[in-house]
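Let me begin by presenting the structure, written as structure tokens, before commenting on it.
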Amino acid sequence: MANGKIVKVSGPLVVAEGLADASMYDVVRVGKQRLIGEVIEMRGDSASIQVYEETSGLGPGAEVETTGFPLSVELGPGMLEQIYDGIQRPLSKIMALSGPNIARGVDIPGIDHEKKWSFTPTVKPGDTVKPGDIIGTVPENNVMIHKIMVPRGKGGVVKDIKAGEFNVLETVCTLQDGTALSMSQRWGVRSGRPYQRKLYPEKPLCSGQRIVDTLFPVAKGGTACVPGPFGSGKTVIQHQLAKWSDVDLVVYIGCGERGNEMTDVLNEFPELIDPRTGETIMKRTVLIANTSDMPVAAREASIYTGITIAEYFRDMGYDVAVIADSTSRWAEALREMSGRLEEMPGEEGYPAYLASRLAQFYERAGCVQCLGTDERFGSLTAIGAVSPPGGDTSEPVSQATMRIAKVFWGLDSALAYARHFPAINWLNSYSLYTDTLEPWLNSNISPDWMKHRAKTMHILQEEAELQEIVQLVGKDSLSAADQQTLETAKMIREDFLQQNSFNDVDWYSSFDRQFRMLSLILDFDTLCRDAITKGVTVSSMSYLPIRERIGRAKSVPEDQYVSVYAQIETDAAAQIAELIAKAGAEE
């Protein structure tokens, strides 16, 4: 370990000399309070250090001590249900130690070193293990099984392994070369965890949100971005994805967002019941709370901390979702540090390497074959919110993200103000996964899935074109077929795409339910167009009682929707036939 002296303090940036032995990204301890920092630039024996805590009171001459290790997280049993700050310090432990305000220089391990866990071996003496192999399991709670893996760079023949109650530091397995394996391991946050091979994502992530799953799906192992101005519902859609996505585990990163939004998450998640397990959603969630009033520099670390924890669970063979709220605040932290380092600024003051840093984050997503001999497969889906000032998506963070992420859910403040949630604009959003997901959706849900999606998108786009004509000459001047297009588009918007996240039936829709609900609307549209050719007016069909029943289809209880939807289809055909007969009689 090397010791140096501070020569300059500029906010979260500290410059120290006498650190010729230090390496890039080494963790250092700064000043008497031993603040946590990280070396981000080296020039001779002078090191520029990013300090992850408040630096007030720090001055030239104070001592800096290197640890010789990169910024890393401690991985092992005890991470689930935890709430961490940006550098993996458990906030509940910090509160017990220093009260409601985080004291500076607090050094608390990321996982509890004292708690005993019940370890069950899955290998026996004489077995050969390689990096990534599972040597045992720990029931972390009654929902998740924590799989203990051989760390990278270790392996050999098992000499001794024992079952029982151990803490995370005690040896549970000894190899013949004397290597001792415990239930915990460390990993540097800035480098991705290794895997055998990366696969192309082929299965959709079921979010339960109809506009997402039907029109703009994201694959398990895919990447998505949610840009939108203030008040457009970014947090709403991210909370919904965290609550209902069909993944085994969620890592929610509150990166620089307002404290009240993170408080909503902390209050809601423990009370929400997971539909798959019947337990609270917190049982399969790790929260990283790094709000806007916490040190700016720690925002940058929080993104890496979150995705490293997610990769660790992915390596166990789980499907994991990382939800980052928001990458704009993270980019602002990069901009501030870049400015203090006096680097040449890029567009709008952001560093020139902004796009490559964003790409490094998103490329850690994916479906992989994990390390190990048992052919495990895991996935990591990365979903990042972007908060462009004034909703202007031409700014650098939005543009860089859109070039990298394959799904774009463009939020619209006009929809949010009209209380249409999720406020995703169907005209400027897109998904580049639709072609790769088509085989799975056609074989597992319905061969008509993509046909229905294409027809829906066509109707919505046609409506947008017709609205311009309506504003000029009025709706009555349109042909009957065009008037019907407007009616069907209204049904799609209000009865299908709009979803109430506070209604305990409507807050989640399965793939099957989404398909049947959309079929109701599109089949009704087909019946109406046929009736128009037989002399029935559009206005007479818009007042049919069946229209109201289709509108209320989203509120039908889960155990009844199949039979109720079938009855609606039958009644719709009967009511339209009645109108056709009446029109024929009048002729």
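The values are calculated or read from the model by the stated rules, or taken from the named source; none is laboratory data. What you are looking at is a predicted structure, and each value in this text was computed from that prediction instead of being measured. Cβ sites come from the backbone with ideal geometry, for glycine too, and all protein chains shown count toward neighbours. Heads up: the accessible areas ignore ligands, DNA and RNA and are worked out on the full protein's heavy atoms, side chains in. Shrake-Rupley method; radii C 1.70, N 1.55, O 1.52, S 1.80 Å.
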inquiry  = Conditions first: (1) loosely packed, with under 12 Cβ neighbours inside 10 Å; (2) in contact with a Leu (Cβ under 6 Å, 6 or more places away or on another chain). S479 passes all but one, so which condition is the exception?
reply    = (2)
remark   = Looking across region 14-67 at residues that are open to solvent by 10 Å² or more (accessible area, probe 1.4 Å), of a type in the set (S, T, Y) and part of a loop (DSSP other than H, G, I, E, B), the single one that is farthest from S191 (Cα to Cα) is S56
Any chance W507 is under 18 Å from Y561 (Cβ atoms), among the aromatic types (F, W, Y) and under 24 Å from the mean Cα position of the chain (by Cα) = yes
query = Just one of the numbered conditions (1) surrounded by fewer than 18 Cβ atoms within 10 Å (Cβ to Cβ); (2) outside any helix (DSSP H, G or I) is not true of G339; which one?
reply = (2)
ask   = Taking the condition modelled with pLDDT of 90 or more and β-branched (V, I, T), does I87 pass?
value = no
message = Within region 533-576, take every residue that is of a type in the set (G, A, S) and farther than 26 Å from K475 by Cα and give me the one that is farthest from the chain's Cα centre (by Cα).
response = A574
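Rundown of residues vs (1) among the aliphatic types (A, V, I, L, M); (2) more than 34 Å from the chain's Cα centre (by Cα); (3) at pLDDT 90 or above, yes/no style:
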site: G4; (1), (2), (3): no, yes, yes
site: V7; (1), (2), (3): yes, yes, yes
site: P12; (1), (2), (3): no, no, yes
site: A16; (1), (2), (3): yes, yes, yes
site: K32; (1), (2), (3): no, yes, yes
site: R43; (1), (2), (3): no, yes, yes
site: I49; (1), (2), (3): yes, no, yes
site: L58; (1), (2), (3): yes, yes, yes
site: E63; (1), (2), (3): no, yes, yes
query = Restricting to region 230-242, what's the tally of residues that are buried (at least 23 other Cβ atoms within 10 Å of the Cβ) and outside any loop (DSSP other than H, G, I, E, B)?
reply = 5
request  = Return a yes/no flag: does region 531-550 have any residue that is within 30 Å of D504 (Cβ to Cβ), among the hydrophobic types (A, V, I, L, M, F, W, C) and open to solvent by 60 Å² or more (accessible area, probe 1.4 Å).
outcome  = no
key: Residues of region 269-309 classified as more than 21 Å from N503 (Cβ to Cβ) and either part of a helix (DSSP H, G or I) or within 14 Å of the chain's Cα centre (by Cα) (or both), total   = 20
request  = Please go through region 162-194 and pick out each residue that is touching a helix residue (DSSP H, G or I) at 6+ places or on another chain (Cβ under 8 Å) and under 24 Å from P139 (Cα atoms).
outcome  = W187, R193
Residues satisfying the stated conditions in region 406-457, i.e. more than 23 Å from D506 (Cα to Cα), in contact (Cβ under 8 Å) with a residue 24 or more places away in the chain and in contact with a Gly (Cβ under 8 Å, 6 or more places away or on another chain) = K406, V407, Y433
key: Criterion (at pLDDT 80 or above and either closer than 22 Å to Y508 by Cα or in contact with a Pro (Cβ under 9 Å, 6 or more places away or on another chain) (or both)) met by exactly one of R284, R276   = R284
request  = Output the number of residues of region 72-110 satisfying the condition of being part of a loop (DSSP other than H, G, I, E, B) and over 23 Å from R29 (Cα atoms).
outcome  = 8
note = Log entry, pairs with first residue in region 458-479 being closer than 29 Å to Y430 by Cβ, second being small (G, A, S) and open to solvent by less than 100 Å² (accessible area, probe 1.4 Å), beta carbons closer than 6 Å, six or more apart or on different chains, reads I459/A489; L460/A489; E463/A489
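Hey, any hits in region 414-427 for a residue that's closer than 22 Å to G346 by Cβ and among the basic types (K, R)?
Within region 414-427 (the criterion being closer than 22 Å to G346 by Cβ and among the basic types (K, R)), the answer is no, since none of the residues qualifies.
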task = From (1) over 16 Å from A423 (Cβ atoms); (2) within 16 Å of the chain's Cα centre (by Cα); (3) buried (at least 22 other Cβ atoms within 10 Å of the Cβ), pick out the condition that doesn't hold for T214.
result = (2)
ask   = What is the one condition in (1) assigned to a loop (DSSP other than H, G, I, E, B); (2) in contact with a strand residue (DSSP E or B) (Cβ under 8 Å, 6 or more places away or on another chain); (3) modelled with pLDDT under 95 that G178 does not satisfy?
value = (2)
inquiry  = Only one of I83, I145, I161, I102 is of a type in the set (A, V, I, L, M), over 25 Å from L249 (Cα atoms) and open to solvent by 30 Å² or more (accessible area, probe 1.4 Å). Can you tell me which?
reply    = I102
key: Total residues in region 312-336, condition touching a strand residue (DSSP E or B) at 6+ places or on another chain (Cβ under 6 Å) and assigned to a helix (DSSP H, G or I)   = 8
remark   = The residue from P201, P217 that alone is touching a Pro at 6+ places or on another chain (Cβ under 7 Å) and either assigned to a loop (DSSP other than H, G, I, E, B) or free of Cβ contacts under 8 Å to residues at least 24 places away in the same chain (or both) is P217
task = Report, ordered by the first and then the second residue, all pairs with beta carbons closer than 9 Å, sequence separation of six or more or different chains, a first member in region 357-376 that is surrounded by fewer than 20 Cβ atoms within 10 Å (Cβ to Cβ), and a second member that is among the hydrophobic types (A, V, I, L, M, F, W, C) and assigned to a loop (DSSP other than H, G, I, E, B).
result = L371/V150
Criterion: among the hydroxyl-bearing types (S, T, Y) and open to solvent by less than 10 Å² (accessible area, probe 1.4 Å) - qualifying residue of T308, T223 = T308
Check on G155, under 26 Å from S72 (Cβ atoms), in contact with a Leu (Cβ under 9 Å, 6 or more places away or on another chain), of a type in the set (G, A, S) and without any contact (Cβ under 8 Å) to a residue 60 or more places away in the chain = yes
inquiry  = So D504 ticks every box in (1) open to solvent by less than 20 Å² (accessible area, probe 1.4 Å); (2) farther than 30 Å from S477 by Cα but one. Which box is left unticked?
reply    = (1)
request  = Name the one entry in A298, A289 that is buried (at least 23 other Cβ atoms within 10 Å of the Cβ) and modelled with pLDDT under 95.
outcome  = A298
request  = Just give me the residues in region 26-83 being of a type in the set (D, E, K, R) and free of Cβ contacts under 8 Å to residues at least 24 places away in the same chain, in sequence order.
outcome  = R43
